[in-house]
Number of protein chains: 2
Amino acid sequence: MGSPVVSRSVMALSSFDRAPSDPTGPRFKFEDIYPAVDGGRYPVKRIAGEPVAVWADVFRDGHDQIRVQLRWRRENADAWQVADMQLHGNDRFTGSFTPAEPGWYLFQIEAWTDQFASWRKGTLLKKQAGQDISLELREGLEIARALLPADVTAHAVVADAVERFNREPEALLSDDIGGAMAQSETRPDLSRSATIPLLVERARARASAWYEMVPRSQSKVPGQHGTFADCIARVPEIAALGFDVLYLTPIHPIGHTNRKGRNNSLKAEAGDPGSFYAIGNASGGHDAVHPQLGTLADFRRLVEACKAHGMEVALDIAVQCSPDHPWLTQHPDWFRWRPDGSMKYAENPPKKYEDIVNPDFGSADRIALWQAWRDVLLFWVGQGVEIFRIDNPHTKPLPFWEWVIHEVQRHNPNVIFLSEAFTRPKLMKALAKLGFSQSYSYFTWRTTKQELQEYLAELTGYPEREYFRPNFFVTTPDILPVQLQGGEPWLFKSRAALAALLSSNYGIYNGFELLEHEPLPGREEYRDSEKYEIRTRDWDKPGNIKPYLAMLNRVRRDHAALRRTDNLRFLPVDDDGVIGFVKDAADGGVAGAIAVTGSPHEFWLHFGDVQVGGRPVVAIENLLTGEFRRLEWGGVRLRIDPQADPALLFRCVT
Amino acid sequence: MGSPVVSRSVMALSSFDRAPSDPTGPRFKFEDIYPAVDGGRYPVKRIAGEPVAVWADVFRDGHDQIRVQLRWRRENADAWQVADMQLHGNDRFTGSFTPAEPGWYLFQIEAWTDQFASWRKGTLLKKQAGQDISLELREGLEIARALLPADVTAHAVVADAVERFNREPEALLSDDIGGAMAQSETRPDLSRSATIPLLVERARARASAWYEMVPRSQSKVPGQHGTFADCIARVPEIAALGFDVLYLTPIHPIGHTNRKGRNNSLKAEAGDPGSFYAIGNASGGHDAVHPQLGTLADFRRLVEACKAHGMEVALDIAVQCSPDHPWLTQHPDWFRWRPDGSMKYAENPPKKYEDIVNPDFGSADRIALWQAWRDVLLFWVGQGVEIFRIDNPHTKPLPFWEWVIHEVQRHNPNVIFLSEAFTRPKLMKALAKLGFSQSYSYFTWRTTKQELQEYLAELTGYPEREYFRPNFFVTTPDILPVQLQGGEPWLFKSRAALAALLSSNYGIYNGFELLEHEPLPGREEYRDSEKYEIRTRDWDKPGNIKPYLAMLNRVRRDHAALRRTDNLRFLPVDDDGVIGFVKDAADGGVAGAIAVTGSPHEFWLHFGDVQVGGRPVVAIENLLTGEFRRLEWGGVRLRIDPQADPALLFRCVT
């Protein structure tokens, strides 16, 4: 650039010179990588043994031939595995890989220009056009020499062609050489995408039926404190109902200071057992069991009994302490103290929780505090527990959960975490994003067809379906929804069917099967809640809906389609009191209709253009009666009498 | 945690201990920040002097009071400016700022817990509930002391209350103290979002009417090479037509080696001027002007003449050289050479472009090469040029453009770049993302109502509208669309109306106003293209549509609504041959109907629930005739005779 005018321009700009980006850097663009949550800030969730399909737009400038690969590894592994990605038009590439085991993984996409393939394509076009390609062949020879593959076989193939070049220059254009050169590891413009984390879990993270049990209420003797042995006695019955997670409310020693009495009264009477969420007393804290329940060995026997029946125990972890918890004296720095030296109770002004103190996550000794909570979880993992239900995670720092879940899963990738956060939607989703396997949801308060369809459309949309796995609880010890307070059996069945069929994770709180429905007046809470007292029940009380629950759990076990939530599609039904849906899976599609109002319904269930296994649905077969119905005009006319059974379930025939 | 069992657990895990994340780190989440392109990888584009509205979901765990601020600065400025963001429910915060000048900016969001406000809110609730708050007041005193604001006034207010505490403890709860404490700079959990880049440009980046001129064809004497003086002579006429960008095809010396003849013939005849895209010969390269056009001083006179008429010159930068370009001898390393020592011409196999060689962006001396191209641009900036149309940017590395645009705009933030990339959609969008102010589009080939509406819906959707500003050219020297080859005047007018009214950036190539439409048979190219020869025209040839173009440019100047594209909404029209639309702006809304087929149309233009300035449209007034029409049933019945005028334009009356 010899012009004096330009030289002046350069001089004038010297203060402003920057080194250009390295042209060998990211020549490629990687856009719209699917799946990813918040651009790869949080992990996508998948199930071990299932293929992870990845799509992305990958391109560079110009028209050269490019190669695109998917690479993945376990987070702590050194070596990446790779798979080619294929172009599907409009610069979109797809590929897939299958992580065999649960754990934290990473994947990314890499691309480079295939210089030899670009040369070969252009030269073949020129040859077809009858042009002289002798100089092009010499250029190809230079490329082949420069990019000689290291692989022994490929190397030999190329080296042979190079050696024969003077006699057979056009051999360079052969498919063999093209294939061998494709293995060249010399990739000067290799570019890589952002790294996307992937949380691979076992199948129960996606499909589980929870039975929530209050251990101290499991004695057969009225008023007597239940034991782990009493719990073990109930395992065969619960397993027979088809539940696969036995979820225990906290099993730890209960504080005495400010113990709550029956119905959450401020003062406990003598003999009141206290809330099991006021954790810890002189006999131990979160790593101890309440002596009246039994010993740690008894607890492990319960874990084993469950395993023997195809179930497993989930523990309830509440990150809070009673004023008598050993940590208050061992680690006073982990708690807040008031100006008068008294402890700072939990509160939600003006409400106060005098039987509970919260750890101070801002404590100067917080690193030890975080580690102590991790060790509590690992302690129970050591006792055979691989599912934790975390109480109120939304009131503790999000970075803590992100760290502790990752820590525990690095130790044991089978561990599943359920987030019990009933709070604002963004915060609930944030907890799911950072690693919770499952999440409580608003299902309990979504009762109309429109509410349920809107909510599930949100949860099964992208990207929610990649990270948020709802667990639909019909009731909890804290929530007796208004709708159920009338105790109508059809409605209990309808709610169970909605929970068990629309969501692949669902749960009931013990007593639901007995239609328990007595509220504190004007509240959504149970009267005489067993959070504050011991209850004794006849588990075979007449009128119970155990056979219905067993039926629901059985069809869930028989049909993979019902063991996921992200495959849900609603079907048009010309009745606002009936929800129609279909779920598809490799072993066949299941369709259903569930009444959400109690009067009889006659309605059309329309399939429209819905396909199952890639084929149109032509008929349906009732899963319970075997009745076979061919679709007419894309639908079928059905009848539900909710008082008999609020749900219809069908195998889709294609 | 004294339990021996737990200690064993900790020991067993020692290999696996990691330092927890710093709990004082990002306690807050910042999600769905709007506006952002690819999560902040590329800049959002805005116009100087206009507010930038920012939204984001900001939250932390728990229920404390939080404060959220928006901060922004010019990229090279040290100091951030800040503005409070307001909560709009569901954890969404909004705020805005107004960058006064063009340039590259950054913005981000920060949040922190307002510890004093949280204390104050809780304490007021307890007081309202009649609880004893004396201990709470002492806690408040501790917080006030710890977080004493530095601001002199606020500090005095708080210090006074602290001093008076023993006499008037409840003064701590006053609004004054709350306001003063809100200024505390002690923010231990301050968290910041990702930083989002913002490219602020002048108004012409968003609204411009381009007249593309081939300088050598501007002489009035047939066969005579035009000069800059001839161009200057045409400036008043083009300005009177209302165009504001005079875009010149390349003005540099043209190569002799392998010069192309008329109609792109391989061999030039004596006297053929050659393609102006074969840039450079012994008299200079990209920083020189073709001697037959005049001198650099003549060029600057053209720049000045345009400015005097409210227009400006855009230069065409083609990053390629003729074989005679000085750089080939000065910098042979910047080019590719073949095994026989000959130069490597540009090609798109089997097509060859023997009059052009491409610089080698992979050259070992590439840093000097990149800088040389930057200096070419800065040279022309030095001559008063602030708009560049870049030829075929998609065949050069994307990182080069990202670097060079940024470099030039750091020198002069008024510089506008138009990307002439007719290629795959993702690559066109990538160029727009990395910094091109405007982009050529597929408009030239979108002719039906459905095609145009679908394409514009894509370009005005999110996030496209944040970075991709289409420039709708009706024709170019390379493209005479099949549709226009019949030379129908109404269709030329319709295409001009579509381009000028749907897109705020549009352009014509000289000759369009004269309805030039003679193609090479079976091609979309002009016969006797002035790319390869000199044309002389009668610019006032009978039948020209200059008055129509002047009308379109006048309404664009009169109505801010027509000077943006992202405000486009289509209106329902019950005729597939008519496109209805409305655009809204602060100074009023404009509605229009444009025929895309030639027979007369009678149709309803429906406004439905469309609002203008936040109010329903009740009537429309024809911009040309002043005819006033009140809407009936939400619409109005209209008639277009395309042969007279294919477009109707209205002021919206609310």
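The values are calculated or read from the model by the stated rules, or taken from the named source; none is laboratory data. On a predicted model such as this, the values are computed, not experimentally measured, just so you know. Quick reminder, even Gly has a Cβ in these numbers, built from the backbone with ideal geometry, and neighbours come from all protein chains shown. Surface areas here come from the heavy atoms of the whole protein model, side chains and all, with no ligands, DNA or RNA. Shrake-Rupley method; radii C 1.70, N 1.55, O 1.52, S 1.80 Å.
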Within the range A:262-301, work out how many residues are surrounded by fewer than 14 Cβ atoms within 10 Å (Cβ to Cβ), within 14 Å of chain B (Cβ to nearest Cβ), of a type in the set (A, V, I, L, M, F, W, C) and in a loop (DSSP other than H, G, I, E, B). 2
Among the listed residues A:Leu498, A:Leu568, A:Leu520, A:Leu502, identify the single one that is out of contact with any His (no Cβ under 8 Å at 6 or more places or on another chain), under 30 Å from A:Ala270 (Cβ atoms) and of a type in the set (A, V, I, L, M, F, W, C). A:Leu520
I'm checking my understanding of the structure. Among residues of the range B:605-654 that are among the aromatic types (Phe, Trp, Tyr) and surrounded by fewer than 20 Cβ atoms within 10 Å (Cβ to Cβ), which one is nearest to the chain's Cα centre (by Cα)? B:Phe628
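The rows are residues; the columns are (1) β-branched (Val, Ile, Thr); (2) more than 10 Å from every other protein chain (Cβ to nearest Cβ); (3) touching a Cys at 6+ places or on another chain (Cβ under 6 Å).
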residue	(1), (2), (3)
A:Pro339	no, no, no
A:Met343	no, yes, no
A:Asn348	no, no, no
A:Ile356	yes, yes, no
A:Ile367	yes, no, no
Take the residues of the range B:321-339 that are open to solvent by 10 Å² or more (accessible area, probe 1.4 Å) and in contact (Cβ under 8 Å) with a residue 60 or more places away in the chain: which is nearest to A:Trp119 (Cα to Cα)? B:Pro323
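Could you tell me whether B:Lys45 is charged (D, E, K, R), under 24 Å from B:Thr565 (Cα atoms) and in contact with a helix residue (DSSP H, G or I) (Cβ under 7 Å, 6 or more places away or on another chain)?
yes
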Kindly indicate whether B:Ile109 is within 14 Å of chain A (Cβ to nearest Cβ) and aliphatic (A, V, I, L, M). no
Please tell me if B:Arg259 is more than 11 Å from chain A (Cβ to nearest Cβ), over 35 Å from the mean Cα position of the chain (by Cα) and surrounded by 15 or more Cβ atoms within 10 Å (Cβ to Cβ). yes
Residue hits (the range A:340-386; free of Cβ contacts under 8 Å to residues at least 40 places away in the same chain, open to solvent by less than 50 Å² (accessible area, probe 1.4 Å) and hydrophobic (A, V, I, L, M, F, W, C)) are A:Met343, A:Ala346, A:Val357, A:Phe361, A:Ala368, A:Leu369, A:Trp370, A:Leu378, A:Val381
Report yes if A:Gln224 is over 34 Å from the mean Cα position of the chain (by Cα), among the polar types (S, T, N, Q) and under 21 Å from A:Val376 (Cβ atoms), otherwise no. no
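Within the range A:237-253, identify whether any single residue is within 14 Å of chain B (Cβ to nearest Cβ), assigned to a loop (DSSP other than H, G, I, E, B) and in contact with a helix residue (DSSP H, G or I) (Cβ under 8 Å, 6 or more places away or on another chain), and answer yes or no.
yes
Yes/no matrix, rows are residues, columns are (1) touching a residue at least 24 places away in the same chain (Cβ under 8 Å); (2) of a type outside the set (Asp, Glu); (3) on the phi > 0 side of the Ramachandran plot; (4) open to solvent by 10 Å² or more (accessible area, probe 1.4 Å):
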residue	(1), (2), (3), (4)
B:Asp478	yes, no, no, yes
B:Arg495	no, yes, no, no
B:Gly511	yes, yes, yes, no
B:Gly522	no, yes, yes, yes
B:Asp528	yes, no, yes, yes
B:Glu533	yes, no, no, yes
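Please find, among B:Asp333, B:Asp391, the residue that is away from chain A (no Cβ under 13 Å) and within 26 Å of B:Asp230 (Cβ to Cβ).
Criteria check complete, one pass: B:Asp391.
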Going through the range B:269-285 in order, the residues found to be farther than 21 Å from B:Glu530 by Cβ and in contact (Cβ under 8 Å) with a residue 40 or more places away in the chain are B:Ala282, B:Gly284, B:Gly285
In the range A:407-430, residue most open to solvent (accessible area, probe 1.4 Å) [restricted to those that are at the interface with chain B (Cβ under 9 Å from one of its Cβ atoms) and within 14 Å of the chain's Cα centre (by Cα)]: A:Lys429
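Would you say B:Thr295 is at pLDDT 95 or above, of a type in the set (S, T, N, Q) and closer than 23 Å to B:Phe228 by Cα?
yes
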Just give me the residues in the range A:71-92 being open to solvent by less than 40 Å² (accessible area, probe 1.4 Å), modelled with pLDDT of 95 or more and over 28 Å from the mean Cα position of the chain (by Cα), in sequence order. A:Asp91
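Quick grid of which residues meet (1) over 16 Å from B:Pro273 (Cα atoms); (2) of a type in the set (A, V, I, L, M, F, W, C); (3) in contact with a Ser or Thr (Cβ under 8 Å, 6 or more places away or on another chain):
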residue	(1), (2), (3)
B:Ala203	yes, yes, no
B:Ser219	no, no, yes
B:Gly223	no, no, yes
B:Thr227	no, no, yes
B:Val235	yes, yes, no
B:Ala239	yes, yes, no
B:Val245	yes, yes, yes
B:Thr249	no, no, no
B:His252	no, no, no
